[in-house]
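Each remark here refers to the structure printed beneath this line.
The values are calculated or read from the model by the stated rules, or taken from the named source; none is laboratory data. Bear in mind that the values here come from a model prediction, so they are computed numbers and not experimental data. Cβ coordinates were reconstructed from backbone atoms using ideal geometry, including for glycine residues, and neighbour counts include every protein chain displayed. Surface areas here come from the heavy atoms of the whole protein model, side chains and all, with no ligands, DNA or RNA. Shrake-Rupley method; radii C 1.70, N 1.55, O 1.52, S 1.80 Å.
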Amino acid sequence: MTKLMTPKERLAAVDEFREPDVMPVFPRIMAQAIYGKGLMLGDISTKTEIDGEKVAEAFLESVKEVGYDWPFGGYMDHGFGVPPLGGTLKIPDKFGVSVSIDEPVIKERSDWASVQKKLPLDPMKDGRCRGTLQSIKIISKEIGDTHPLFAAYYTGITAANILFRKVSDLSLDASEDPEFVDELCKAATAWCNDWIRAQYEAGCNSFCYLGDHFGTDLISPKMGERFILPYIADTVAMVKKEFGQKTYLHIHGNFKGPKAYNLLERLVKEAGVDGLHMDEKHDPKWIKENIVEKWHIPAGIIVHGADPIQSGPPEKIDAHVKEAIEAIGTPGLGYFMAPSCQVLPDTSNANFKAWVGATHKYGKYPLGSWKQD
Amino acid sequence: MSNEKITALARAVATGKADAQKLAQEAVSAQIAPAEILKDALIPAMKTVGEGMKEEEYAFPEIQSAVKALQSVLDILRPAFEGASSSAEIPKWEGAGELYELGGHLLTFLDKGAGLRGYDLILFFDECIRGLLEQVALPCHKQAASTHK
C-alpha cells in the first residue's frame, strides 16, 4: 500500500517525476475561499487594507474542508501596490470576481513621470500587502510543515497592466509606443520581485507561481518575446538566486500555433520556467505530448473552471476528471490537476470537493490502480 | 496614381499608421471618390488585419491601432455622406473567441460588406469597429464573470 504523502511531498514527487500517492490539486484559489466561507470581499478588504486574520481563517478552513493540496497564503487580486501609487480600487458590494481597479495609476502616458517618482514601491507601505503578509504568516505557521505555500504574482506586461494601466490602453501603447511599455514592464517587474521577496520573508516556503494573463490571448507571440519573456526570466532568476526555489507559470492563450509554441518553448528553455499551467484551450493529451514528454517539465492538466467545476453536478465533474487523467495514461508522472484559470469565485464547496475528491480517486498511483479498490 | 494612393492608404490603415488620415485627405483631394476609398482601400486593409490575426502576427495592439487609423479615415469620409440614409441591412458583428477565430470572423464579416455601397459601408465599418473593440478584455475575467447569474 502506498504511503500517504503530505501535499508538500506530492509537490516534490511531481516535480521530480516520481510517483506521488495521488495526483495533487492546485486550485489557484483566490476569491472562492472567501465566498466559500459565506463572506463577501468587502468583509476582508477595504480599498487600502486587508484583514489578514480573516483571510487566513477563510483559507485555512477552505484547505481543511475541501482538501486540496496547494493553497496560496492569502487572498490574491490585482490591487496590490495600486493605492500607494495613486490608483483606486473597487470593492464589490455583492458578488464580484475580485477586488478590481477602479481608477488606474496611469490614465495618460504623461502621468508616467510623476508615478516614477513614487518608485520603487515598498510592499510594506500598502496596507493590503501588509494584511496579505499577515495571512501568509498565519497560514504558514498552521500548515506550512505539510503544505507548500507558493509566492505568487505577475511579471512583465501583465504586471504593468495590473499595477499601472488599463488593458485597452496598455494594448494600444504596445503598438504605438513600445518603448513606453518596456519601461512599464521593467518597473512593474521590479515591484513584482519585491512583492515576491516579501511573501517569502513572511512564510512562503515553496515555489514561485507566476501568472500571465496576456499570453497570446491579447498580444502576438512576437510581442510576447518583448513584453513577457525577458521579465519572466528576470523573476525566475531572482527566485532561484535569492530563495533557491523553482518557478511555475500559469499563462493564458492558445499556444498550439507554431509561433506561440515557439514562445512557450523559449519561456521554458531560455527564461527557465520549471513547470507550466496552461488554460482550457489545451487538453491533457496536448499537454502530455507537447510539454511534459517533450520538455520533461511538470504541467497541470486542466478541468475547466466554469464547466464542469462551477456548473456541476458532481457526477459530471467526476466524469471529466476521470477522462482527463485517463488521457495522460501511465505512468503519468509530472502532472498535477488544475483549473482554468482558477476555481471560479462562485463555485460551491460541494463542487470544489467533488473535483478534488475525484482527482485523488482517479489520480491514485500507479495510475489506474483505483479500479482495484 | 490613384491606385498608388489607395494602396498606400490601405497599408497605412492595416499597419495602424498615424498618417492614414493624411493619406485619406490626399486621396479625397485627388478626386478619388469616397466610395472607392471605402471599397478599395479600407476593405483590403481590414482583410490584412484579419489575415494577420489568423497567422499569429496580429493581436489586440495591432488591431487597436488599425482600428484607430480606420476611424481617422472614416472621419474624413463621413462628411461626403451627410444627410444620407442607409439603404441596406448592415450585417451585425457576432464574432467572439480566440484571436485566430476572430480573424476568421473578420474576414467573413468583410465579405458580407462587399455588396454594400457608399454610406452603408460607413455604417458597416462602424459596426466592425464596435465588434472588434468589444473583444479587448481579459479572457480570464470574462470567464470568471460568466458563471455568475
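The table below gives the values:
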read-out: Value of [θ]222 nm, deg cm²/dmol, for the protein assembly as shown, DSSP H segments ≥ 4, -39500 (n - 2.57) each, nearest 500; value: -15000 deg cm²/dmol
read-out: Heavy atoms of A:HIS252 accessible to a 1.4 Å probe, total area in Å² rounded to 10; value: 10
read-out: Simple label model, 7 Å out from Cα along Cβ direction - A:LYS316 to B:ASP126, nm; value: 4.0
read-out: Residue list for segment A:103-119, given a label point 7 angstrom along the Cα-to-Cβ vector of A:THR88 and an amide N cut-off under 15 Å; value: A:103-107
read-out: Cα centroid separation - segment B:41-93 against segment A:159-235, whole Å; value: 31
read-out: Protein accessible surface hidden between A and B, which excludes ligands and nucleic acids, total in Å², probe 1.4 Å; value: 2500
read-out: Amide H contacts of A:TYR154 (H built 1.01 Å from N, under 5 Å, at least 5 apart or other chain); value: A:GLY211
read-out: Å² of accessible area per residue within segment B:2-147, as computed with a 1.4 Å probe and no ligands counted; value: 45
read-out: B:ALA88 versus A:GLU323: modelled label distance in nm, points set 7 Å from Cα along the beta carbon direction; value: 4.3
read-out: Candidates A:GLN310, A:GLN199, A:GLN32: whichever shows maximal mean-square fluctuation once chain A is modelled as a Gaussian network with Cα springs under 10 Å; value: A:GLN310
read-out: Chain A - percent of accessible surface contributed by carbon and sulfur, probe 1.4 Å; value: 51
read-out: A:CYS204 accessible area, 1.4 Å probe, all protein chains in place, Å² to nearest 10; value: 10
read-out: Non-local Lys pairs in segment B:17-149, i.e. 8 or more apart or on different chains, that have alpha carbons under 15 Å apart; value: 6
read-out: Kirkwood hydrodynamic radius of chain B, Cα pairs, Å; value: 15.7
read-out: Probe 1.4 Å - accessible area at A:SER100, Å² to nearest ten; value: 40
read-out: Spin-label pair B:ALA18/A:LYS240, simplified geometry with 7 Å Cα→Cβ offset, distance in nm; value: 4.1
read-out: Beta bridges per DSSP with both ends in the protein assembly as shown, % antiparallel, nearest 5; value: 20
read-out: FRET efficiency, 1/(1 + (r/R0)^6) with R0 30 Å, evaluated for A:LYS285 and A:LEU4 via beta carbons; value: 0.50
read-out: Selection of GluC sites (Glu not before Pro), segment B:25-81, meeting DSSP coil and at most 14 other Cβ within 10 Å; value: B:GLU55
